[in-house]
Structures are given as structure tokens and as C-alpha cells.
Amino acid sequence: MQDYVDKIDINQYLPLIIEVGINVLLAALILIIGLYIANKASNIINRIGEKYDKLDNTLFRFLGSVAKYIILAFVAIAVLNRFGVQTASIVALLGAAGLAVGLALQGTLSNLAAGVMLLLFRPYKVGDFINAADRFGNVQEIDLFTTILKTFDNQHIIIPNSQIWGAQIVNHSFHEIRGVDMHFGVAYKENTVEVRKVIDGVLAAHVHILKDPAPFVEVETLNDSSVDFLVRPFCHGEHYFDILYSVPEQIKQALDEAGIEIPFPHRKIIIEKE
């Protein structure tokens, strides 16, 4: 056995051993540096989202993760190259697989793209009341794929972001002060000046209606059987629905007490005797 070992020329394998050792060390060095750079890039992107209040952290956490895994993918390719693995075919295979997955998940990717746009441009935020995708509610959560609304009757509605981004979005909470549009009709025989005084009195007595800007009360339409007023008091956004659902009844009672008629449609029929 010893004679067999003596016949082996160690020097013959020494260059190979050195080359493998160097490749292992370089691969370890590439891996360590790559991990450091990937984590550093992810942290930098995350801090950008945390630094500015107008930017959404969810988007930047996602972008940080994407940057991290892209860097790690290049690190893995570099490590395999150190060991002589032909990575061109692997990259081509991954590209083909990515294309196939992308085609299979077109709907999901469209939601992702819409989610990125919503988080980037921020047409609404958590806590806002919005009309979107023919739904109205309070925004509970925004992620990269869906927006979650809570309705007044406590329904939990999950809307794909692609349905929201591709349609009209009405953000009822964007401005601090809101105008509340209401319409009231009175009979043609009534004095419009007296009607305006009654309505102004109701609005002035309401605790949540602002004096500045002043409420708007004007005749809007001369209808078939009524003179229609447009009434628009202003309030802070949190009191919008309180005014919308309380003031009409108060104005109705005030008009009744003042003896002002609120008409219903009339039709006059004339019968001629032949």
C-alpha cells in the first residue's frame, strides 16, 4: 500500500488543488460581498420610504425586496461561474420560465402594476372615504394587489387594484372642508326670500356647519310644479354624513312650521264639454 502511495505524484494534483481552493475562497468572498450589498441596497430603499411621509412604506419594502433578490441572483450566477458552470443556459431557462409564469399570471401582474401606481401616486390613503370600482367605503388596507374597504354596514370588500386604477376614483377625504349638496322644492306661490330665511336659520343653528365659507342657498331650477333650491353648507370632512342625513329633516320641519308648502307634482286636466 505504501509503495502505491509513493508512486502518486502529489505535484501532479497540486495546481488543481490550489485552483479549487482559490475558487472556493473567491466564491465565498463573492457570496459575502453580494449578501452585504443586497442587504445594504434593500435597507437604503426601505429608509427612503420611511424618511418621507408622502411615500408609502409598502411600496418601498417591495422595491427593496426586489432589489435584494435581483442582486442575489447575479451573485449566484457569479458563484457558479467560479466553478466553471455554464450559466448561459440557466439564464435562458429562467427567462423562459419567467415568460411562461408572466403569461399565466397576467391578471395578477396587472394588479401588481396598478398597486405600484396607487402606492406611488397615492390618490388615497388608509382612513380615507372613497368611491372606487362602483364601491364606497373607508379604506382599511392598501397592498400591492388589492385595496380593502369597510362599508357603513360593516361589509369587508376586497377590490383588485387593476379595477381601481383603470377607473374613476373619488376621494371624499382629500379636502379637509366639504360642501354638502342638498335640493329642496317649494310651491310657486311661496316667497323665495322667506324660504331662504328659513333655510338659513336652520343652517346657522347647526353646530357642525361652518360660517366660513358661508352656506350657499339659491334658486337652482324653476321646475314643472316647484321652485327648487340648491342648498350647500360647508363642514369638516368628518361631519359630512351627519349633515347630509340630519339637515334635510330639520329643513322640512322648519318649512312646515313656517307654513311654506313643499309641493308634489301636479297635473291640471281641462275637460271640455262638446
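The values are calculated or read from the model by the stated rules, or taken from the named source; none is laboratory data. The structure displayed is predicted, hence computed values, not measured ones. Every residue, glycine among them, receives a Cβ derived from its backbone with ideal geometry; neighbour counts consider all protein chains shown.
One residue stands out among those in region 145-165 that are of a type in the set (S, T, Y) and not in a strand (DSSP E or B): the one that is surrounded by the fewest Cβ atoms within 10 Å (Cβ to Cβ), which is T151.
Counting only helices (runs of 4 or more DSSP H) that sit wholly inside region 38-144, those with at least 1 residues that are surrounded by 13 or more Cβ atoms within 10 Å (Cβ to Cβ) and at pLDDT 75 or above are 57-82, 106-121.
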